[in-house]
Amino acid sequence: MSIAPITDLSRLCIHTITTKPWSIEEAVRNFSAGGVKGITVWRDALSGRDIKKTGDMLRQNGLSVVSLCRGGFFPSKDPLKRQTAIDDNRRAIDEAFELGTRLIVLVCGADPAQSHEDSRKQIYDGISAVLPEAESAGVRVAIEPLHPMYADTRSAINTIAQANEMAEKLNSNWVGVAVDVYHLWWDPLLEEGIERCGRNNKLLAFHICDWKSPTVDLLNDRGLMGEGCIPIRKIRSWVDATGFNGFIEVEIFSNEYWKQDQSQFLKKIITAYYNHV
Ligand code: ZN
């Protein structure tokens with residue numbers, strides 16, 4: 001079965017980290033001029049700025065503020081650090097509210113000094129602790145399962161099945177899941193996981209990029225769509241089949257692309273979006 005390509009930019013969102021050399025002001029100007037309709041803001045991009053005014057500036061340039069990245073990092077053997085993480089997540093919720101976005105993406109965290117079961121219990125407790133603030137701010141939190149290569153320190157939630165289980169167990173309208181093709185493409189149970197996520201109304205975000213082969217840096221060598229081995233269009237069709245019609249978010253950390261001219265890079269992103277998403 002052939003899957004129809006995307007024919008306009010109405011669902012294209014780009015993360016500020018994708019064009020990291022640009023300030024948020026430069027990113028907004030260029031995204032807007034390029035016809036991009038959504039922006040996901042990384043918290044570092046807001047440093048030293050009035051968050052509310054920044055949110056207004058994004059909207060005045062025709063951009064939807066899709067989400068704030070990122071909260072999470074709940075687990076630690078040290079109770080003080082767990083409390084610090086909860087406090088920081090409460091701040092992130094405040095920031096999302098001020099910015100005027102309704103979603104925070106969570107990189108849930110893991111502590112290699114303890115079992116994954118313990119880390120997941122602390123993730124459950126950490127998210128539970130911030131849910132009252134999330135609800136009163138009208139901000140939802142999305143659990144983003146991370147590729148197992150990050151299972152030591154970044155996340156004890158590594159598959160969509162685990163993310164679905166956690167979101168279902170938390171049993172709140174304010175908790176869902178972010179699907180990122182980079183983390184999940186290899187999973188033989190991905191299609192049914194996406195279907196289950198959609199059926200439970202838990203699919204809150206969809207992130208794309210590509211997996212380069214070989215990958216030379218575990219964190220900062222993500223590829224542009226079409227450069228690697230991820231069946232992005234096929235996964236997009238599974239996401240679409242759930243009824244999800246939100247933004248498709250380009251999230252690329254790349255030492256290689258950050259060295260290049262960002263205006264050229266933006267053009268490449270838009271071309272790749274049409275050709276491979
Ligand atoms: Zn992501």
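The values are calculated or read from the model by the stated rules, or taken from the named source; none is laboratory data. The structure presented is a predicted model; accordingly, all values stated were derived computationally and were not measured. Glycine gets a Cβ as well: all are built from the backbone with ideal geometry, and neighbour counts include every protein chain shown.
The lone criterion from (1) touching a residue at least 24 places away in the same chain (Cβ under 8 Å); (2) more than 16 Å from PRO5 (Cα to Cα); (3) not in a helix (DSSP H, G or I) left unmet by GLU256 is number (3). Scanning the range 142-151 for residues that are away from the ligand (no atom under 11 Å from the Cβ) and small (Gly, Ala, Ser) returns a single hit, ALA151.
Across the range 201-210, the qualifying residues are those that are surrounded by 15 or more Cβ atoms within 10 Å (Cβ to Cβ) and more than 21 Å from ALA272 (Cβ to Cβ), and the one among them that is nearest to the ligand (Cβ to nearest atom) is LEU204. Of the residues examined, ASP187 is not one that is within 16 Å of the ligand (Cβ to nearest atom), touching a Lys or Arg at 6+ places or on another chain (Cβ under 9 Å) and at pLDDT 95 or above.
Cβ separations smaller than 8 Å between residues 6+ apart or across chains give the following pairs from the range 199-227 residues that are among the aromatic types (Phe, Trp, Tyr) to residues that are more than 16 Å from the ligand (Cβ to nearest atom): TRP211/CYS229. Considering only the range 73-94, I want to know if a residue exists there that is within 23 Å of HIS147 (Cβ to Cβ), out of contact with any strand residue (DSSP E or B) (no Cβ under 6 Å at 6 or more places or on another chain) and more than 16 Å from the ligand (Cβ to nearest atom). So far as the range 73-94 goes, yes, one or more of its residues are within 23 Å of HIS147 (Cβ to Cβ), out of contact with any strand residue (DSSP E or B) (no Cβ under 6 Å at 6 or more places or on another chain) and more than 16 Å from the ligand (Cβ to nearest atom).
In the range 228-241, the residues that are within 17 Å of TRP186 (Cβ to Cβ) reach residues that are surrounded by fewer than 18 Cβ atoms within 10 Å (Cβ to Cβ) and of a type in the set (Asp, Glu) with C-beta atoms within less than 8 angstrom, at least six apart or across chains, in these pairs: TRP238/GLU191; TRP238/GLU195. Just one of the numbered conditions (1) outside any loop (DSSP other than H, G, I, E, B); (2) touching a Lys or Arg at 6+ places or on another chain (Cβ under 7 Å) is not true of VAL41: (2). Looking across SER213, SER172, SER136, one residue alone is closer than 26 Å to PRO5 by Cβ and more than 16 Å from the ligand (Cβ to nearest atom). It is SER213. In the set LEU63, LEU46, LEU12, LEU58, only one residue is within 27 Å of SER237 (Cβ to Cβ) and either surrounded by fewer than 20 Cβ atoms within 10 Å (Cβ to Cβ) or more than 16 Å from the ligand (Cβ to nearest atom) (or both); that residue is LEU63.
In summary, ARG154 fulfils each of the numbered conditions (1) of a type in the set (Lys, Arg); (2) within 15 Å of the ligand (Cβ to nearest atom); (3) over 18 Å from LEU106 (Cα atoms) with the single exception of condition (3).
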